[in-house]
Every structure is written in C-alpha cells, then in structure tokens.
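> One structure, pasted below without further comment.
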Amino acid sequence: MDSDPPFRQTYKTLFDKTSEETCNEVVTVEECELPLVDLGRLNLDESEMEECKREIAIASQEWGFFQVINHGISRDILEKLREEQVKVFRQPFDTKSKEERFPAGSYRWGTPSATCLKQLSWSEAFHIPMTDISDSGAFSSLSSTMEQFATTVAGLAKKLAGILAEKLGQKTTFFEENCLPSACYLRMNRYPPCPFSLEVHGLMPHTDSDFLTILHQDEVGGLQLVKDEKWISVKPNPEALIINIGDLFQAWSNEVYKSVQHRVVTNPTMERFSTAYFFCPSYDTVIQNSEPSIYRKFSFREYRQQVQEDVQKLGHKVGLPRFLLSH
C-alpha cells in the first residue's frame with residue numbers, strides 16, 4: 001500500500017541480520033481486562049466519590065494502568081477523531097511525510113536509532129504539541145476535532161492527577177501550576193499490517209516519560225503490559241479510555257504509583273489506530289518528593305535529555321534507574 005512507510009527497504013540490513021531461528025518463536029500472552037473505573041461516581045454522594053478515588057489510586061499502585069468510563073469525552077468526538085485520523089494516515093506516504101502538512105518534525109515512523117529488529121517499531125505517528133494543534137490548518141476538520149478532544153482530555157488528566165495527588169496527601173495544585181497546555185501533546189498512531197509480526201514490535205517495550213497518558217484505541221487490540229513479571233494483553237473496551245502512570249508520577253510519588261513497561265504487538269493482516277494524550281510538565285519543573293526519597297531531585301528537562309542520550313547511545317531508554325539515589 002502506498003500509504004505504508006518503507007520499513008522493509010529502510011531497515012533491510014536489520015532484516016538481513018536476523019536468522020530464521022529467531023523468527024519462529026511464539027509466546028503465549030494471557031489476555032485480561034484492566035481495572036475499570038466509572039468516573040460518573042465522582043458526581044454521586046461522598047462515599048461513592050471516595051470509593052471511586054480509592055479505586056483509581058489502587059489501580060495506579062498495583063497495575064500502573066486502568067480504564068475509565070463516563071469520562072466526559074463524547075462518543076461523537078472520539079468517532080470523528082478516528083475518522084479524520086484514518087483519512088490522514090491513508091494518504092500516500094510521500095504526501096503525509098512532508099513537513100509542511102503539520103508542524104515540522106511531527107510525522108515520525110520506524111526507529112532511526114534501531115540497531116536490531118527488537119528495537120524497531122513498525123508504526124507511524126503524528127506527534128503534535130498542544131500549542132500547534134490549532135495551527136494545523138492543512139487539515140482543518142482534523143484540527144477542529146483534535147482541539148475538541150485535547151481540551152476535554154486535558155481536563156480529565158488534571159482531574160485524575162489531582163485525585164492521585166490527594167491520595168498521597170500532596171498539593172493538588174501542583175499540576176495546575178506546572179502541567180500547562182504548552183507542555184502537553186497528542187500523538188496519533190497507526191500500526192500498519194506487518195508480515196514479520198513475530199519478529200517486530202508495533203511499539204517496542206517502554207515506559208512513558210510523563211505524569212499520565214490517556215489513550216483512545218480501536219478494537220483491533222495489540223497493547224500489552226507487564227504485570228507480576230509477565231506480559232499480559234489488554235482486552236479492548238470501546239466504551240473506555242485507558243490511563244497509565246508515567247515515570248514522573250512514579251518518581252513524584254516515591255514509587256507509590258507505578259510506571260510499568262508496555263508495548264504494542266503487530267498484526268499480520270489488520271491495521272490499528274490509537275491516539276494518546278501525554279500529560280507533561282514544563283521543562284523547568286522539578287520532580288521531588290518528601291524524605292526519605294528513593295530518587296534524587298531532577299528537572300523534566302534533565303530527564304528528557306538523559307532519555308534522548310541513552311536512546312542514541314544504547315538504542316533504548318534507561319529512564320528512572322538513572323535517577324535513583326543509589327545509582
């Protein structure tokens with residue numbers, strides 16, 4: 001298909017290096033449903049509201065992932081976003097990869113730093129800062145839909161972060177003050193069908209470098225996460241949004257909340273779409289918590305720079321272990 005990035009040609013040397021013995025390994029991964037939280041209960045009586053908050057905190061501690069319904073983002077917005085997203089990604093590769101169609105550098109695909117197949121992500125994305133969404137006039141219908149989605153999902157992120165801070169006994173105003181729209185971004189993802197689905201990830205295993213990620217995915221499936229030291233597959237729920245804890249929240253909470261490894265597996269015949277909202281602070285925001293702390297104090301800028309350096313040198317992210325006081 002014209003719309004697919006030229007993965008095979010661009011990463012030919014990586015495919016040529018892979019021996020046939022590594023291509024036939026099949027790993028069975030159990031499918032399960034994430035903890036489901038009905039946010040409508042936050043509008044009920046105090047006991048229901050407190051129980052809802054408790055469920056959010058427990059899921060963040062035990063899973064690092066949960067899903068929410070009655071989240072305040074209309075089905076119309078979600079369906080329109082998916083419809084516009086499909087249109088953009090179905091364009092010819094040469095068209096959508098031109099920088100002027102979106103802010104410069106927003107279109108990304110594959111893994112330029114990959115040195116072996118396990119580091120290659122068979123996916124493409126538009127990575128768009130919140131402040132640039134209204135400027136993407138080349139796709140005015142998409143831009144309008146993204147703005148509606150981004151505005152409502154930003155409010156949801158602040159609400160959830162505030163609940164998690166409250167359960168720690170911390171200031172809930174921290175996120176209002178530091179996680180401004182100018183620091184957050186959307187990432188629209190497409191995972192093309194992959195004929196090498198046993199060898200290549202759609203998105204290689206990683207943790208997110210933010211406070212919270214809110215994900216809207218289709219019903220194809222492919223998201224997997226680590227629970228009790230084994231990979232499990234997340235069963236899609238069309239009514240729910242998926243929330244996961246990022247590295248900054250793990251550090252800020254002194255490891256009360258967990259940022260867990262997750263990945264996307266490829267599908268040999270079906271494409272998959274998703275949209276993620278990343279709830280980030282400004283680069284100058286300092287991440288610290290009460291004593292005794294597991295992590296040293298660091299800024300978000302310092303964290304991002306360290307991650308980028310590690311990816312360039314090692315081909316993968318190291319992340320929070322770099323910032324342990326015992327490191």
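> Can you tell me how many residues in the range 271-313 are in a helix (DSSP H, G or I), of a type in the set (V, I, T) and over 29 Å from M146 (Cα atoms)?
1
> For the range 94-117, give me each residue that is outside any loop (DSSP other than H, G, I, E, B) and either surrounded by fewer than 17 Cβ atoms within 10 Å (Cβ to Cβ) or free of Cβ contacts under 8 Å to residues at least 60 places away in the same chain (or both).
Listed by number, the residues that qualify are D94, T95, E99, E100, R101, Y107, R108.
> Look at F139 and say whether it is among the aromatic types (F, W, Y), more than 30 Å from S290 (Cα to Cα) and at pLDDT below 95. Break it down stepwise before answering.
Details: among the aromatic types (F, W, Y): yes; more than 30 Å from S290 (Cα to Cα): yes; at pLDDT below 95: yes.
Taking the combined requirement at face value, the residue satisfies it.
> Given (1) among the small types (G, A, S); (2) out of contact with any Gly (no Cβ under 7 Å at 6 or more places or on another chain); (3) crowded, with 20+ Cβ neighbours inside 10 Å, identify the lone condition not met by A165.
Among (1) among the small types (G, A, S); (2) out of contact with any Gly (no Cβ under 7 Å at 6 or more places or on another chain); (3) crowded, with 20+ Cβ neighbours inside 10 Å, the lone unmet condition for A165 is (3).
> Against the conditions (1) more than 27 Å from F66 (Cα to Cα); (2) out of contact with any helix residue (DSSP H, G or I) (no Cβ under 7 Å at 6 or more places or on another chain); (3) of a type in the set (S, T, Y); (4) in a helix (DSSP H, G or I), where does S143 fall short? Just the number, please.
(2)
> Starting from residues that are out of contact with any Leu (no Cβ under 6 Å at 6 or more places or on another chain) and farther than 28 Å from I287 by Cα, keep the ones in the range 233-255 and report whichever is surrounded by the fewest Cβ atoms within 10 Å (Cβ to Cβ).
My answer is P238.
> Out of S121, S182, which single residue is small (G, A, S) and farther than 30 Å from V37 by Cα?
Values: S182 fails: farther than 30 Å from V37 by Cα.
Among S121, S182, only S121 is small (G, A, S) and farther than 30 Å from V37 by Cα.
> Residues that are not aliphatic (A, V, I, L, M): list the strands (runs of 3 or more DSSP E) wholly contained in the range 152-261 that include at least 2 such residues.
185-191, 201-206, 212-217, 223-227, 230-234
> Can you name the condition, by its number, that I133 falls short on among (1) buried (at least 22 other Cβ atoms within 10 Å of the Cβ); (2) of a type in the set (A, V, I, L, M); (3) modelled with pLDDT of 95 or more; (4) under 20 Å from I77 (Cβ atoms)?
Unmet condition: (3).
> Give me the residue from the range 7-32 that is assigned to a loop (DSSP other than H, G, I, E, B), more than 28 Å from the chain's Cα centre (by Cα) and at pLDDT 50 or above and, out of that set, surrounded by the fewest Cβ atoms within 10 Å (Cβ to Cβ).
That would be S19.
> Also, quick follow-up: Within the range 33-72, how many residues are at pLDDT below 95 and within 19 Å of the chain's Cα centre (by Cα)?
1
> What do you reckon, is R82 at pLDDT 90 or above, in contact with a strand residue (DSSP E or B) (Cβ under 7 Å, 6 or more places away or on another chain) and not in a helix (DSSP H, G or I)?
Criteria not met by R82.
The values are calculated or read from the model by the stated rules, or taken from the named source; none is laboratory data. What you see is a predicted model, and the numbers here were worked out from it, not measured in a lab. Cβ atoms come from the backbone with ideal geometry, glycine included; neighbour counts cover every protein chain shown.
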